[in-house]
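The values are calculated or read from the model by the stated rules, or taken from the named source; none is laboratory data. Fair warning: this is a prediction, and the values are worked out from it, not measured in the lab. Virtual Cβ from ideal backbone geometry, glycine too; neighbours counted across all protein chains shown. Note: areas computed on protein heavy atoms with side chains; ligands, DNA, RNA excluded. Shrake-Rupley method; radii C 1.70, N 1.55, O 1.52, S 1.80 Å.
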Amino acid sequence: MKVIVIGAGLGGLTLAQGLRRAGIDVVVYERDGVRGRAQGVSLHVDDRGVSALRACLPSEHAAMAEATMGGPRERTLMLSEVDGALTIAGAQPSDGVAGRPRPGRQVHRPLLRAVLLTGLEDVVRTGAEFTRFERRADGTVQVWLADGGTDTADVLVGADGIGSAVRRQYLPHARVVDTGRRMLMGATALRAIADTELPELIGHSPAGVRVHGTMMVLGVLRFTESPVAARQRWLPALPLSAVAPVEDYAMWALPITREQLGAAGSPAAMWRQAQEVIVDLPSVLRLVVAEAWPDITVALRIGTIPPIPAWPAGPVTVIGDAIHLAPGFGGNLAMQDAHRLCEALVETDRGRLGLIDAIDAYEETMRRISFSAPAAAKAGT
Ligand SMILES: Cc1cc2nc3c(=O)[nH]c(=O)nc-3n(C[C@H](O)[C@H](O)[C@H](O)COP(=O)(O)OP(=O)(O)OC[C@H]3O[C@@H](n4cnc5c(N)ncnc54)[C@H](O)[C@@H]3O)c2cc1C
């Protein structure tokens with residue numbers, strides 16, 4: 001069996017690792033260069049993401065990913081300012097109930113992606129934009145790339161994110177709706193705010209502050225093991241450039257509207273915009289943003305994909321943001337999809353289940369889990 005995956009994001013790479021590990025022929029076509037585009041600096045990864053990583057990745061890759069996660073995040077704090085000092089005004093359990101996040105750990109997104117890419121260098125083709133596919137009479141699928149190249153496989157997986165070209169052709173009635181909300185996200189070296197009370201106050205927990213309608217979400221990522229030491233111990237094949245510049249940091253996120261974002265296009269302009277948005281927030285939080293690394297500030301669009309009715313299974317399928325959007329835990333869902341689809345395709349490869357039945361089983365579970373997830377979940381930090 002041969003599988004073509006479109007998109008080298010969290011979902012596509014987790015799937016490719018799992019298929020590779022099972023000895024199934026896989027190729028990944030990725031539009032961007034090897035570094036990918038800015039998607040925010042960190043992720044809250046919960047049990048769904050961790051299970052997928054453990055199941056799909058070689059054990060030393062999974063160990064590397066887990067060694068460099070932050071500490072356990074079991075509650076979400078609400079902060080307020082009393083007499084000029086930040087205090088904890090309340091806390092909610094992170095228990096996955098009633099739209100609350102599940103317990104998890106903070107992960108440095110570029111490092112996780114680098115771990116996922118390690119060992120797939122001969123499988124991932126970067127700078128290769130998928131444009132369309134055609135189902136052939138023999139049951140296989142042929143794909144076309146923007147440079148005119150083509151390839152053929154038994155299965156085509158759209159793991160190509162929110163703007164998925166695979167979904168647009170395969171399920172054109174599934175539409176992305178722009179909620180008009182944006183998330184300005186950035187990060188600040190922990191050493192730059194070490195003299196403040198903030199890092200000790202929040203520990204590993206995500207924390208939120210709301211003042212006069214302005215909301216800021218924060219999280220401190222203290223690497224459990226130094227990324228350089230963890231690479232040496234677990235995954236020396238990981239490029240040194242993925243770990244050497246990495247240090248503990250605070251990540252911050254500001255939910256704003258499209259109008260508030262205005263014309264800010266460059267990271268530096270977004271960073272300046274962030275400083276304007278938080279003028280009413282406590283001084284320690286203004287310091288966090290003022291001391292941030294301007295060039296990694298991003299503004300992410302928050303969209304939804306309203307669920308669509310079930311479709312008949314075929315040799316083309318979709319995972320992750322290509323079919324469902326959940327800003328606070330979509331990465332976990334993408335990795336979970338990859339895990340489940342990988343298991344289904346392995347069943348087929350071993351002759352235990354027909355291909356279309358396997359894809360049908362994956363899609364049915366994916367729809368049941370993801371189409372019922374709260375669409376406007378809080379963005380993780
Ligand atoms: C503000 C915000 C905060 C978030 N926080 C969290 C969090 O804390 N935890 C969490 O789990 N999730 C979080 N998410 C969601 C998470 O970022 C996404 O759900 C996740 O990245 C989806 O992974 P994916 O593999 O499906 O898609 P992506 O990671 O988007 O990957 C898609 C890939 O496909 C490539 N591609 C696209 N089109 C083509 C084409 N035509 N040809 C070839 N390649 C193509 C892209 O370049 C990209 O590399 C957050 C999202 C937002 C917006």
Quiz item: Consider R181 against the criteria (1) in contact with a Gly (Cβ under 7 Å, 6 or more places away or on another chain); (2) near the ligand (Cβ under 10 Å from one of its atoms); (3) modelled with pLDDT of 95 or more: it satisfies all of them except one. Which criterion is unmet?
Solution: (1)
Quiz item: Which of (1) surrounded by 16 or more Cβ atoms within 10 Å (Cβ to Cβ); (2) at pLDDT 95 or above; (3) out of contact with any Phe, Trp or Tyr (no Cβ under 9 Å at 6 or more places or on another chain) is the odd one out, the single condition L221 does not satisfy?
Solution: (3)
Exercise. Determine whether region 242-255 contains at least one residue that is within 13 Å of the ligand (Cβ to nearest atom), farther than 17 Å from R113 by Cβ and of a type in the set (G, A, S).
Key: yes
Self-check item: In region 292-304, residue nearest to the ligand (Cβ to nearest atom) [restricted to those that are β-branched (V, I, T) and within 14 Å of R181 (Cα to Cα)]
Solution: I302
Practice problem: Scan region 315-357 residue by residue and report those that are among the aliphatic types (A, V, I, L, M), closer than 15 Å to V155 by Cα and either open to solvent by less than 30 Å² (accessible area, probe 1.4 Å) or in contact with a helix residue (DSSP H, G or I) (Cβ under 7 Å, 6 or more places away or on another chain) (or both). | Solution: V316, V318, I319, A338, L341, A344, L345, V346, L353, L355
Quiz prompt | Test set (1) within 15 Å of the ligand (Cβ to nearest atom); (2) modelled with pLDDT of 95 or more; (3) open to solvent by 20 Å² or more (accessible area, probe 1.4 Å) - V34 fails condition number | solution = (2)
Quiz item: If you go through region 54-77 one residue at a time, how many are more than 22 Å from E247 (Cβ to Cβ), buried (at least 19 other Cβ atoms within 10 Å of the Cβ) and of a type in the set (S, T, N, Q)?
Solution: 1
Practice problem: May I ask you to say which residue of G186, G127, G158 is within 14 Å of the ligand (Cβ to nearest atom), within 30 Å of A62 (Cβ to Cβ) and touching a Lys or Arg at 6+ places or on another chain (Cβ under 6 Å)? | Solution: G158
Quiz item: Would it be correct to say that S51 is over 13 Å from G331 (Cβ atoms), under 20 Å from the mean Cα position of the chain (by Cα) and within 16 Å of the ligand (Cβ to nearest atom)?
Solution: yes
Exercise. Kindly provide the set of residues from region 92-108 that are at negative phi, in contact with a Lys or Arg (Cβ under 8 Å, 6 or more places away or on another chain) and exposed (fewer than 14 other Cβ atoms within 10 Å of the Cβ), ordered by number.
Key: P93, D95
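Per-residue answers, yes or no, for (1) in contact with a Leu (Cβ under 8 Å, 6 or more places away or on another chain); (2) within 26 Å of R73 (Cβ to Cβ); (3) within 14 Å of the ligand (Cβ to nearest atom):
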site	(1), (2), (3)
P282	yes, yes, no
P306	no, no, no
A310	no, no, no
T348	yes, no, no
G354	no, no, no
Quiz item: Quick check, is G265 out of contact with any helix residue (DSSP H, G or I) (no Cβ under 9 Å at 6 or more places or on another chain) and away from the ligand (no atom under 16 Å from the Cβ)?
Solution: yes
Practice problem: May I ask you to list pairs of residues, at least six apart or on different chains, whose Cβ atoms are under 8 Å apart, with the first in region 150-176 being free of Cβ contacts under 8 Å to residues at least 12 places away in the same chain and the second being away from the ligand (no atom under 13 Å from the Cβ) and open to solvent by 40 Å² or more (accessible area, probe 1.4 Å)? | Solution: none
